[in-house]
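Let me begin by presenting the structure, written as structure tokens, before commenting on it.
The values are calculated or read from the model by the stated rules, or taken from the named source; none is laboratory data. Since the model is a prediction, treat every value here as computed from it, not as a measurement. Using ideal geometry, Cβ is built from the backbone for each residue, glycine included, and neighbour counts are taken over all protein chains shown.
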Amino acid sequence: MDPAVTATLITTPTAILAAAAAYAAGSAQGRGSVDAVRRQQQREVYAAFLTAARRHKADIAEALAHATEIQLARAAGEPLSPAEEEQRREAIAATARANPLDEPAALVFLEGPDELAYAALLIDQHAKSTRMLLTATPEHAGTMSRIHGRPMTVHDECRRLEGAIHRFTLEAQAHLNGTALRHRRHQRRLMRRLWPVEP
């Protein structure tokens, strides 16, 4: 056989293997780049939702302080002046009408995964319940009301909202950082012990 032909036959498998290895490496690198871009996009979505949730929780806390001030002034027999009380009621009503979590929560639902979508849903539900309670009893912030058949106070729902925000933070950390499943379970047990949240 022609030595040139023999040399070609010998080197061809090596060339094919090298090309296949290069293709596989390129594909893996491409997938890695896509995963990195997606992970960064998720990080931004989660951060935006957490920022909105914490800001809204601060607004709710301020509205609750106004409601408590009205309640304590009446209980002491020294109610606020009509202008002062009206100003505080308007602030409470503005917070109760606000719904700043719809859009950022929708983005979390789209990005997933299910654990993060459910954690975002809990935050949204507790925020809405808190706003409903503020609207129903602005001058009786500590009294018991019923939302969806459950007895609760605004303070109760604020604590649940805080727990739900903490839960979302842990879930986001676990997902973005690839936390081991066992460590995630430990985080969840600790979180439920510190901030019990009812679904």
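Given the conditions (1) modelled with pLDDT of 90 or more; (2) under 12 Å from the mean Cα position of the chain (by Cα), and given that residue 84 satisfies all but one, which numbered condition is not satisfied?
Among (1) modelled with pLDDT of 90 or more; (2) under 12 Å from the mean Cα position of the chain (by Cα), the lone unmet condition for residue 84 is (2).
Quick one: in region 44-71, which of the residues that are farther than 18 Å from residue 129 by Cα, of a type outside the set (A, V, I, L, M, F, W, C) and at pLDDT 95 or above is surrounded by the most Cβ atoms within 10 Å (Cβ to Cβ)?
Here the answer is 46.
For region 93-107, indicate whether the set of residues that are farther than 22 Å from residue 156 by Cα, of a type outside the set (A, V, I, L, M), surrounded by fewer than 20 Cβ atoms within 10 Å (Cβ to Cβ) and modelled with pLDDT under 90 is non-empty.
No, every residue in region 93-107 fails to be farther than 22 Å from residue 156 by Cα, of a type outside the set (A, V, I, L, M), surrounded by fewer than 20 Cβ atoms within 10 Å (Cβ to Cβ) and modelled with pLDDT under 90.
I want to confirm something. Restricting to region 126-144 and keeping residues that are part of a helix (DSSP H, G or I) and polar (S, T, N, Q), which single residue is modelled with the lowest pLDDT?
135
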